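First up is the structure itself, then whatever we jot down about it.
No lab work stands behind these numbers, since they all come straight from the coordinates. Remember, predicted model here, so these are calculated numbers, not experimental data. Neighbour counts run over all protein chains shown; Cβ positions are idealised from the backbone, glycine included.
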Amino acid sequence: MMRSLLAAGLMCVCVMAVAVTKTSAQGGGQGGGQAAPLQNLQVLPKDMARPDVIALMRTFTVALGVQCTHCHVGTPQERFKDDLPAKATARKMLKMVMAVNADHLGVKPGEPNKATCYSCHRGALKPLTAAPAGGF
């Protein structure tokens, strides 16, 4: 049962990541009538559409088993601030996953990622570095 849940969670993360990648690759920037541009995007494309950024951020919360407030502070209008160290860590980790996919797994722009945050974190803030005591 647990393996089924983990597999379903991983599939969900992968599907969301593919959707975000495809939308961004197709020029999924902002259309008319949308909210103000996102602020302080340092790793993600600056023209990435708000719904795509939010969908991707939600995959992070699932992959790490955290809430948005793990990286973001204050009200939604203040979410761009860099007040929490976890946001800097998240940026480094995102760059690492992007590099693993591009440089080591041969993933081309627009293709589904082979490695994601969930690949290591599996719903835990700190990735397991050893097998669970009871085994798999």
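What's the extension gain from E111 to M57 if we count 0.36 nm per residue and subtract their Cα-Cα distance?
Full-extension gain reported as 17.5 nm.
For the stretch 70-136, the equivalent ellipsoid built from the Cα gyration tensor has semi-axes of 26, 21, 10 Å, listed from largest to smallest. A straight chain from H104 to Q67 at 0.36 nm per residue would run longer than the Cα-Cα distance by 10.3 nm.
Around P85, with a cut-off of 14 angstrom between Cβ atoms, what is the net charge of the other residues, counting Lys and Arg +1 and Asp and Glu -1? Once positives and negatives cancel, what remains is +2.
Taking a sphere under 14 Å around the Cβ of G74 and counting the other residues whose Cβ falls inside, with K and R at +1 and D and E at -1, yields a net charge of 0. The slack between Q42 and R122, meaning 0.36 nm per residue of separation minus the straight C-alpha distance, is 26.3 nm.
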